[in-house]
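Just below is one structure, and these are the notes that go with it.
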Amino acid sequence: MSLASYIGCNVEIPINDEDDDLVTIGSCFSDEEHRINVQKYQFKTPYVYEVSSDWGIEISEYINPKRCAESKKKLIDLCKIMDSYLKNGDFFELYSCWIGEETEKREGELTLQINSFDIDQIKMPEKTLVRFEK
């Protein structure tokens, strides 16, 4: 099984599936059915994308320190990317789960301000819906 991370937003954003980008927006493990399911069961937004599926979204001391640092950088970069597309008052959602578990009940929710959260103080395990508000 593969862990997939999805973002949902109210604006269309370009796909960038270049290997040299730190944050990749585009299909990696998911297919259209997975994205439809995560949109229907988890998100409240019209646009859904898979994003950088190889990034260990649970930011905690339990994962490899190097991977944890990389995950933190990728999340910050994702927020910078999304900040450039969102207007004040808008938001994007982030959800990670194992492929095929998109319809299962979420285990947690978290709301953060897109430009003002302490990356070292958050925990985002799989099946947690994270809403980033601008």
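The values are calculated or read from the model by the stated rules, or taken from the named source; none is laboratory data. Here the structure is a predicted model, which means the values were calculated and not measured. All Cβ positions, even for glycine, are placed from backbone atoms using ideal geometry, and neighbour counts span all protein chains on display. These accessible areas exclude ligands, DNA and RNA; they are computed on the full protein's heavy atoms, side chains included. Shrake-Rupley method; radii C 1.70, N 1.55, O 1.52, S 1.80 Å.
One table, with the values for the structure above:
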quantity: Pick from region 80-112, criterion out of contact with any Pro (no Cβ under 9 Å at 6 or more places or on another chain) and among the small types (Gly, Ala, Ser), ranking: nearest to Ile36 (Cα to Cα); calculated: Gly100
quantity: Residue within region 28-46 that is open to solvent by less than 20 Å² (accessible area, probe 1.4 Å) and modelled with pLDDT under 75 present; calculated: no
quantity: Considering residues of region 73-113 that are under 17 Å from Lys123 (Cβ atoms) and among the β-branched types (Val, Ile, Thr) only, the residue most open to solvent (accessible area, probe 1.4 Å); calculated: Thr111
quantity: Condition check for Ile7: closer than 15 Å to Lys127 by Cα, crowded, with 21+ Cβ neighbours inside 10 Å and at pLDDT below 75; calculated: no
quantity: Region 75-92: number of residues that are closer than 11 Å to Val51 by Cβ and under 10 Å from the mean Cα position of the chain (by Cα); calculated: 3
